[in-house]
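Undergrad: One structure, pasted below without further comment.
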Amino acid sequence: MEQRHLGRTGLRVSRIGLGTLTWGRSAEGPDEAGAAEQLKTFWEAGGTFVDTADVYGGGEAEYLLGQLISGAAPRRELVIATKSGSVRDPDRRFDCSRGHLLAALDDSLARLGTDYVDLWQVHAFDPGTPLEETLQALDLAVSSGRARYAGVAGFSGWQLAKAATWQLAAPGLRTRLASTQMEYSLLQRGVEREVLPAALDLGVGLLPSSPLGRGVLTGKYRDGTPADSRAASDTLAAFVDPYLDDPASRIVDAVATAAQGLAVTPLQVALAWIRDRPGVVAPIVGARTAEQLGAALSVEALSLPEEICRALDDVSAPVHRYPDQDWSTL
């Protein structure tokens, strides 16, 4: 699998990432044997970038990944990323204070069974904590060797720009942001308004989550809701439902038409489109089985023709009005 630099850093990652959002969830995710098979399939295909978080499965995703490291794939050949900052508190969804973040990182390392992570990400912007305090935690993690690189997730355009600029203001003293993780797909192109331009300008690599529109872009919901799908799950149905409306259906139909013309699957078309967007480093793919993951990894050999990309761009184009639209000629 092709490797790409993560932002303007020397770290290289596979251009498809393995997500573990459902690991450690007995109903929706793989068991230990299934997770091991996924990790082995991913590594044997040349995949290196594995993304997790301290809240996935209540910490079980990290623990499960830690149990599999070295067995299913060598630790030294993986780029392991985790996130901290989300908390299970109804009054405060995020805690990005220095104390919480550093303690959470130590807990993550213990669950993962490793003394460092390759990429440590702040899971969300915390308005209750001064940004410089949050970013100082990243600097301390890198300087102590507990994290090799640092990034953020869920930051809006202005939040990303402020954070990245703050870090760049003291080169050599502060750790530059390597990445930002945001949802991005043919069904969700909101990052193109401000987040992506900021990332491109500041040299921050974009890691798209839910690149298949929470599974909808595979076409599995065109004729109803399969009983074994996320949309049929009590816990994940609300996660999928926003993309089961009529506008999404039109985009899914266009993807299916393109797939038929290219003699490939809708999954491959949707994933190839997002993988090759400007600024994108590695879409993060989550799968229930190794077979599903293998289907996603088969996109490596596919590059979409320019006319297909233009057609998909047009049918999925988001509406940008003032001040995002260029009004200079009006």
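The values are calculated or read from the model by the stated rules, or taken from the named source; none is laboratory data. None of these values were measured; they are calculated from a predicted model. Note that each Cβ is placed from the backbone with ideal geometry, even for glycine, and that neighbours are counted across all protein chains shown. Surface accessibility is based on the protein's heavy atoms, side chains included, excluding ligands, DNA and RNA. Shrake-Rupley method; radii C 1.70, N 1.55, O 1.52, S 1.80 Å.
Undergrad: Averaged over every viewing direction, what's the projected area of the C-alpha convex hull for the chain? Give it in nm², one decimal, please.
TA: Spelled out: convex hull of the Cα atoms, projected over all directions, averaged, 17.3 nm².
Undergrad: So how strong a dipole does the stretch 183-277 carry about its Cα centre when Lys and Arg Cβ are +1 and Asp and Glu Cβ are -1, to the nearest 20 debye?
TA: 200
Undergrad: Arrange the residues Tyr149, Tyr243 by how much accessible surface each exposes, largest first, with a 1.4 angstrom probe. Could you put the intermediate results ahead of the total?
TA: Values: Tyr149 70, Tyr243 25 Å².
These residues rank, largest area first, as Tyr149, Tyr243.
Undergrad: Springs between alpha-carbon atoms under 10 Å, Gaussian network over the chain: tell me which of Val55, Val122, Val264 tops the mean-square fluctuations.
TA: Answer for the Gaussian network model of the chain: Val264.
Undergrad: Where q = 0.13, 0.17, 0.23 Å⁻¹, what log10 of I(q)/I(0) comes from the Debye formula for the stretch 6-54, counting one point per Cα?
TA: Once normalised to I(0) and log-transformed, intensities are -0.35, -0.57, -0.88.
Undergrad: Which of Leu105, Ser249, Val152 sits farthest toward the positive end of the charge dipole of the stretch 103-250, with +1 on the Cβ of Lys and Arg and -1 on the Cβ of Asp and Glu?
TA: Most positive-ward Cα: Ser249.
Undergrad: Now for a different question. For the stretch 191-280, which trypsin sites (Lys or Arg not before Pro) are both in a DSSP coil and crowded by at most 16 other Cβ atoms within 10 Å?
TA: Answer in residue order: Arg193, Arg222.
Undergrad: For the chain, give me the percentage of DSSP beta bridges that are antiparallel, rounded to the nearest 5 percent.
TA: In the chain, approximately 15 percent of DSSP beta bridges are antiparallel ones.
Undergrad: Among all the aspartates and glutamates, which ones have a C-alpha under 13 Å from Lys83's C-alpha, if same-chain residues fewer than 8 places away are not counted?
TA: Straight-distance partners of Lys83: Asp51, Asp54, Glu62, Asp95, Asp106, Asp107, Asp118.
Undergrad: How much mean residue ellipticity at 222 nm does the chain get from its helices, if each DSSP H run of length 4 or more adds -39500 (n - 2.57) and you divide by all residues, to the nearest 500 deg cm²/dmol?
TA: -11000 deg cm²/dmol
Undergrad: Now, a different point. Top to bottom by accessible area (1.4 Å), largest first, where do Thr52, Thr289, Thr165 land?
TA: Working: Thr52 0, Thr289 45, Thr165 75 Å².
Accessible-area ranking of Thr52, Thr289, Thr165, largest first: Thr165, Thr289, Thr52.
Undergrad: How much length is gained if the chain between Arg250 and Glu307 is pulled fully straight, taking 0.36 nm per residue apart and subtracting their Cα-Cα distance, in nm to one decimal?
TA: So the extension gain works out to 18.7 nm.
Undergrad: Now for a different question. Could you tell me whether the stretch 72-138 comes out rounded, prolate or oblate from its Cα gyration tensor? Rule is a ≥ b ≥ c as square roots of the eigenvalues, rounded for a/c under 1.5, then prolate if a/b exceeds b/c, otherwise oblate.
TA: prolate
Undergrad: Separate question: Sort all Cα-Cα distances of the stretch 42-179 into consecutive 10 angstrom bins from zero, then give the percent of pairs in each bin up to the one containing the longest distance.
TA: 12, 44, 32, 11, 0
Undergrad: Compute a Gaussian network model of the chain, connecting alpha carbons closer than 10 Å, and tell me which residue from Pro283, Pro211, Pro197 fluctuates the most.
TA: Result: Pro197 has the largest fluctuation of those listed.
Undergrad: Sticking with this one: About the Cα centre, and with charges only on the beta carbon of Lys, Arg (+1) and Asp, Glu (-1), how big is the dipole of the chain? Nearest 20 debye, please.
TA: That gives the chain a dipole magnitude of about 620 debye.
Undergrad: Can you tell me the dipole magnitude for the stretch 57-103 around its Cα centre, using point charges on the Cβ only (Lys, Arg +1; Asp, Glu -1), in Debye to the nearest 20?
TA: With only Lys, Arg, Asp and Glu charged at Cβ, the dipole is about 140 debye.
Undergrad: Here's something else I'd like to know. Using a Gaussian network model of the chain whose springs link C-alpha atoms within less than 10 Å, name the residue from Pro226, Pro30, Pro266 with the highest mean-square fluctuation.
TA: Pro226
Undergrad: The stretch 256-315: Rg/Rh from Cα coordinates, Kirkwood Rh?
TA: Numbers: Rg = 11.6 Å, Rh = 12.1 Å.
Radius of gyration relative to Kirkwood radius: 0.96.
Undergrad: Ok, one more. Could you calculate the FRET efficiency of Asp276 with Phe239 from 1/(1 + (r/R0)^6), where r is the beta carbon distance between them and R0 is 25 Å, rounded to 0.05?
TA: Calculated value: 0.45.
Undergrad: Same structure, new question: Could you pull the Rg and Dmax for the stretch 171-329, using just the Cα atoms, both in Å?
TA: Spelled out, the Cα radius of gyration and Dmax of the stretch 171-329 are 16.7, 55 Å.
Undergrad: State, to one decimal in nm, how far the label point of Glu132 lies from the label point of Arg76, with both points 7 Å from Cα in the Cβ direction.
TA: Using points 7 Å along Cα→Cβ, the separation is 4.2 nm.
Undergrad: For the chain, give the percent of accessible area contributed by carbon and sulfur heavy atoms, probe 1.4 Å, rounded to a whole number.
TA: 51
Undergrad: Here's something else I'd like to know. Heavy-atom accessible area per residue, the stretch 67-212, 1.4 Å probe: how many Å²?
TA: Here the residues of the stretch 67-212 average 40 Å² of exposed surface.
Undergrad: Continuing with this model, one more query. In the chain, if the dipole is taken from +1 on Lys/Arg beta carbons and -1 on Asp/Glu beta carbons about the Cα centre, which of Trp23, Val264, Gln121 is farthest to the positive end?
TA: Result: Gln121.
Undergrad: Sticking with this one: Can you give the accessible area of Asp95 in Å² (nearest 10), computed on protein heavy atoms with a 1.4 Å probe?
TA: Only protein atoms counted, so the area is about 30 Å².
Undergrad: Next question. In the full protein assembly as shown, how much of His320 is accessible to a 1.4 Å probe, in Å² to the nearest 10?
TA: 60
Undergrad: Separate question: Mind giving me the FRET efficiency for Ala170 and Gln3? R0 is 30 Å, r the Cβ-Cβ distance, nearest 0.05 is fine.
TA: 0.50
Undergrad: Going through the stretch 1-42, which GluC sites (Glu not before Pro) have at most 15 other Cβ atoms within 10 Å and a DSSP loop state?
TA: Counting only loop positions with at most 15 other Cβ atoms within 10 Å, the GluC sites (Glu not before Pro) in the stretch 1-42 are Glu2.
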